Amino acid sequence: MFALADCNNFYVSCERVFNPALNGRPVVVLSNNDGCVIARSNEAKQLGIQMAQPAFQIAAFLKKNRVAVHSSNYALYGDMSRRVMTILGEFTPELEIYSIDEAFLGLAGLPVELEAYARAIRNRVLQYTGIPVSVGIGPTKVLAKLANHFAKKVPENQGVFVLTPENTAQCLQRFAVEEIWGIGRQYAKLLRSHGANTAWDLIRLSDGWVRRKMTVAGLRIKKELEGVSCLSLETAPPAKQAICTSRSFGTFQTEKAPIREAVATFAARCAFKLRRQRSCAGVLMVFIHTNEFNPNEPQYARNAVRRLPVATSSSLELVHYALDSFETIFRPGFRYKKAGVLVSEIVPEDRVQGSLFDTVEREKQRALMAALDRISLRFGPDAVQVAAQGVGDGDWQLRRAKLSPCYTTRWSDIITVKA
DNA sequence: TCTGGGGTCCTAGGACCC
DNA sequence: TCTGGGGTCCTAGGACCC
């Protein structure tokens, strides 16, 4: 059996922990640059606010309905996530952290009464962190996901639900295909056009048809719905195959210099992510583009891919090559909206293929980066950086007008309790 | 008239997740 | 005016090998 623990409206819940005035009110959290709605409280959902809705389209509506609006605060959400996951880890030796707000727990060999177990998880996470979680339990990961839906959406279940041989058929019949984990918009459309409207309808289609139309991934989902476990727990996340750092700019950029700073910053960030997972990248790509949503303005989008002489995780090297590539693709005369750096061909740092013609003093660089990371850990990521990243706040930086304090990760932002 | 059978690697594009 | 930022997996088709 598997349990899926999923934090309710996670980003909104994080904001509410430190700002209880938000309780009972409609609250939304916006994406980077305050662009789209990416989290909604139940009250906001009831107002009909859609996921991924651009904020500017509903600005008046938000104001009129007195919806509390927050910018994304990933420092806060990431830290709260870590706390929740630590608690979940106390309930099982097999924990798969699936995303920032959900985790699978392997229940093999745990001699427990399942509903009491689920309730204990919910209670402890709520008590220790203030974050409400829903817990669903089922014989496969897809069914645990499905159970979680009934834990969350049916008030009588009070946040926990266990699938049993007795209730499974009824749950499948009440579960719309687009709600199934792994069925997105396209497959949902296909299934509905073939008369399969619920999870129950899906498992009544033939294996052959599902395999043909939805590849093996679709067949796996069908088997999982039937109770045949095809997806195993991944307790140790595999090393990433690609790492990307990209941002939309806070305002359109027409000059070369600020975009250059942004690209340098993204490259340095990729380098840091590589070092954190103890790996190096052999290929680097830089991309820039204009605002693709506006058909009335001249569009430009280019990327430049280059193979590095020797795989590396050095900020200095990656920034150097990223800027060099940037020079080859930048063209003046456009309003740029976004840029990014992507590194791939990632190898463990102790298995880097050397080169006879290598001129870089690798050992020195490695020690330098280690020192840099120690300084960043202690004094913050801005304490020391590559000069090309620029100093101060370029106006390419994110727009975050409604940012809450970093209550749990910055001493100056720690919460004040008034007597 | 008739033209094998077995592979690998790479890329682009499309599907999906949060 | 204004629309996020990460990722993964699968397949088809082409180039190539013997």
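The values are calculated or read from the model by the stated rules, or taken from the named source; none is laboratory data. Note that the structure is a prediction, hence the values are computed from the model and not measured. Cβ placement follows ideal geometry from the backbone for every residue including glycine, while neighbour counts extend to all protein chains displayed. Note: accessible area is taken over every heavy atom of the protein model, side chains too, but ligands, DNA and RNA are not part of it. Shrake-Rupley method; radii C 1.70, N 1.55, O 1.52, S 1.80 Å.
Miscellaneous remarks
- Rounded if a/c under 1.5, otherwise prolate or oblate - the range A:327-397, Cα gyration tensor axes: oblate
- Surface share of carbon and sulfur [accessible, 1.4 angstrom probe, percent] for the range A:134-285: 51
- Here the peptides A:40-52, A:375-387, A:144-156, A:121-133 are ranked by packing, the mean other Cβ count within 10 Å, and the order with the highest first is A:144-156, A:121-133, A:40-52, A:375-387.
- Solvent-accessible area assigned to carbon and sulfur over the range A:1-131 amounts to 53 percent, based on a 1.4 Å probe.
- Whole-number accessible area per residue in Å² for the range A:1-156, which is evaluated in the context of all protein chains at 1.4 Å: 43
- Shape call, the range A:63-184: gyration tensor on alpha carbons, a/c limit 1.5: oblate
- Over the range A:3-75, Cα pairs under 8 Å with separation of 6+ residues give a relative contact order of 33 percent.
- Helix A:362-379 and the long axis of chain A differ in direction by around 60°, with both axes built from C-alpha atoms.
- Only helices enter this figure: runs of n ≥ 4 DSSP H residues, each worth -39500 (n - 2.57), summed and divided by the residues of chain A, yield -11500 deg cm²/dmol at 222 nm to the nearest 500.
- Most mobile of A:R351, A:R220, A:R119 in a GNM of chain A (Cα contacts under 10 Å): A:R351
- Helix A:207-225 axis, angle to chain A major axis (alpha carbon atoms, nearest 10°): 70
- Solvent-accessible area per residue, Å², over the range A:328-407 with all protein chains present [probe radius 1.4 Å]: 71
- Distance from the C-alpha centroid of the range A:299-332 to that of the range A:80-122: 42 Å, rounded to the whole angstrom.
- Cleavage-rule hits, chymotrypsin sites (Phe, Trp or Tyr not before Pro), the range A:280-357, DSSP coil, Cβ neighbours within 10 Å at most 16: A:F293, A:Y300, A:F357
- Three semi-axes describe the equivalent ellipsoid of chain A; taken as square roots of 5 times the Cα gyration tensor eigenvalues and ordered largest first, they are 39, 27, 25 Å.
- Shape of the range A:212-326, Cα gyration tensor, a/c cut at 1.5: oblate
- Expressed as a whole percent, the proportion of Cα-Cα pairs in the range A:265-419 lying more than 20 Å apart is 60%.
- The number of Lys pairs in the range A:133-236 with C-alpha atoms less than 18 Å apart, excluding pairs fewer than 8 positions apart on the same chain, is 10.
- Protein heavy-atom surface of the range A:341-412, 1.4 angstrom probe: 55% of the accessible area is carbon and sulfur, with nucleic acids and ligands not counted.
- Rolling a 1.4 Å probe over the heavy atoms of the protein chains gives the range A:213-315 an accessible area of 50 Å² per residue.
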